[in-house]
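The values are calculated or read from the model by the stated rules, or taken from the named source; none is laboratory data. None of the values given here were measured: they were computed from a predicted structure. Using ideal geometry, Cβ is built from the backbone for each residue, glycine included, and neighbour counts are taken over all protein chains shown.
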Amino acid sequence: MEFMIVLAVGLVAGTISGVIGTGSTIMLAPVLAYCFGPQEAVPIMAVAAILANVSRILAWWREVDWRAFAAYAATGAPAAALGARTLVAIPPRAADIAIGLFLIAMIPVRRWFAARQFRFKLWHLAVAGALIGYLTGVVVATGPISVPVFVAYGLAGGAFLGTESAGSLAIYIAKALSFRQFGALPAEIILKGLITGSSLMAGSFLAKRFVLNMDAERFRAMLDGLMLVSGLAMLWTALSH
């Protein structure tokens, strides 16, 4: 029954993230935390996110900006490994509360980025990769930050979706390898992540046809709504344990 719920939410999450570039981890985080606990939820999501990002890269392969990807991933991957080590050392309840507060706090941060319409250069992506990589190692979802970073670099549509997914893939692989090294990624967790990730992949391919029809206002509304609802859900999960 738990996997039925996870797969259903995963399909919806994969479709939404395939359209706006983020949302799968935000939507699945509270579901995974409720079904499997917060400490299992993070490594499960790390494995699932690898499959989700692979599917978006395959969908937009020809439009990926590889220079932007390299600048972002070069610092993001090692920072994610360091962040994963931090996560393993903190209590489960603290991880849940941190995730919820982080998601809610990202709503005004994202709006601040958007209002100023910054245009990033490659070195900005490298700095952002280090910061976001570390945070991704600690919490489940940092898509709300990486989205405005790649948009500020000037990417849009398929180029944005493919490049952001490639950068996120490098970070999540580093995170998953770190969990494996620290003993937080046993075969059971990997299997749960693969099952969860299969629904995200299906959703990503379903979403491709809708990408060009998504207007900016609807994108912002969906992103803020996802962060608020999922952040509150994570806090509820932490307080109800």
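Screening the stretch 1-90 for helices (runs of 4 or more DSSP H) wholly inside it with 1 or more residues that are of a type in the set (Asp, Glu) returns the ranges 2-20, 38-59. When ALA170, ALA70 are screened for being under 17 Å from the mean Cα position of the chain (by Cα) and at pLDDT 80 or above, only ALA170 passes. Just to verify a result, which residue in the stretch 160-203, among those that are of a type outside the set (A, V, I, L, M) and without any contact (Cβ under 8 Å) to a residue 40 or more places away in the chain, is nearest to ILE57 (Cα to Cα)? Only one residue fits best here, namely ARG180.
So is PHE118 outside any helix (DSSP H, G or I) and at pLDDT below 80 or not? Taking the combined requirement at face value, the residue satisfies it.
Within the stretch 216-232, the set of residues being at pLDDT 70 or above and surrounded by fewer than 20 Cβ atoms within 10 Å (Cβ to Cβ) comprises GLU217, ARG218, ALA221, ASP224, GLY225, LEU228, VAL229, LEU232. In the stretch 198-205, is there at least one residue being surrounded by fewer than 21 Cβ atoms within 10 Å (Cβ to Cβ) and either at pLDDT below 80 or under 14 Å from the mean Cα position of the chain (by Cα) (or both)? Taking every residue of the stretch 198-205 in turn, at least one turns out to be surrounded by fewer than 21 Cβ atoms within 10 Å (Cβ to Cβ) and either at pLDDT below 80 or under 14 Å from the mean Cα position of the chain (by Cα) (or both).
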